[in-house]
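Have a look at the structure below before the remarks.
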Amino acid sequence: RHIKNYCEAAVKHPQFMPRGLFEACVEQFTQHLWRLSYCGGNMNEEISAFGNFIHYFMKRFYPRWASVKYKSRGNRKKLRVGYISSNFRNQAVSFYMVNRLLHADKSRFETIIFSLENRRDEMTERIIEKSDRYIPITDFRDLDAIAQTIVDSDLDLLVYTDIGMDPLTYKLAALQLVPTQAVLVGHGVTTG
């Protein structure tokens, strides 16, 4: 009930939001807003306020990544597309996104998978097999290293398969680490 007001007040008074409190808020709010967005009703204002909150404080706490200079594509013929998720396993997210890999035209697209999870199963193996590169992220707390890995991959497009289901993808998306980014699903109404 009070997340919208809290997020708006924090952005107006950032001096009262140290990084540790920000991290705790993102963790808690993500869980609650994701669940609530599937309970019915319009959550656009609340989730938008939360998205603005994350964007504002990610720029403040990670200024290096808030203004990435993108490289030119040069003579590269294939579009380099990255997919990022903590759900590249037998889970609904993988079931609806795997066809993008299975049926990608390899003459036009290069695909890179960024896995934000340590678990692997037969779906993970199928995703690895169909991608050009699979990059497992092992230290989920080192946002600088994750951001550097994404930027170094020189992507044209980064697809977040599920913004809103975990705090890390929310925070990374707020930084816009590639020229174009997109989202498949996550929240029932908006990513904010």
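Gain on full extension, evaluated as 0.36 nm per residue between Ile128 and Tyr70 minus their Cα-Cα distance, stands at 18.2 nm.
Solvent exposure of region 49-156, expressed per residue, is 53 Å² of accessible area, with all protein chains present and a 1.4 angstrom probe. Cα centroids of region 32-60 and region 72-138: 27 Å apart. Pull out a ≥ b ≥ c, the square roots of the eigenvalues of the alpha-carbon gyration tensor of region 103-162, then state rounded if a/c is under 1.5, prolate if not and a/b is larger than b/c, and oblate in the remaining case. Since a/c reaches 1.5 but b/c is at least a/b, the shape of region 103-162 is classed as oblate.
On the protein heavy atoms, probe 1.4 angstrom, tell me the percent of accessible surface of the chain carried by carbon and sulfur. The computed percentage sits at 52. Calculated on C-alpha atoms, the gyration radius of the chain divided by its Kirkwood radius gives an Rg/Rh of 0.97.
Residues whose amide H lies under 5 Å from that of Ile163, counting only those 5 or more places away or on a different chain, are Leu184, Val185; hydrogens are built 1.01 Å from N in the peptide plane.
Between Lys78 and Phe16, full extension at 0.36 nm per residue minus the direct alpha carbon distance yields a gain of 17.7 nm. Placing a pseudo-label 7 Å from each Cα along the Cα-to-Cβ vector at Arg60 and Asp139 gives an inter-label distance of 2.6 nm.
The values are calculated or read from the model by the stated rules, or taken from the named source; none is laboratory data. Values in this document were obtained by computation on a predicted structure and should not be read as measured data. FYI the Cβ positions are ideal-geometry reconstructions off the backbone, even for glycines, and counts take in every protein chain you see. Surface areas here come from the heavy atoms of the whole protein model, side chains and all, with no ligands, DNA or RNA. Shrake-Rupley method; radii C 1.70, N 1.55, O 1.52, S 1.80 Å.
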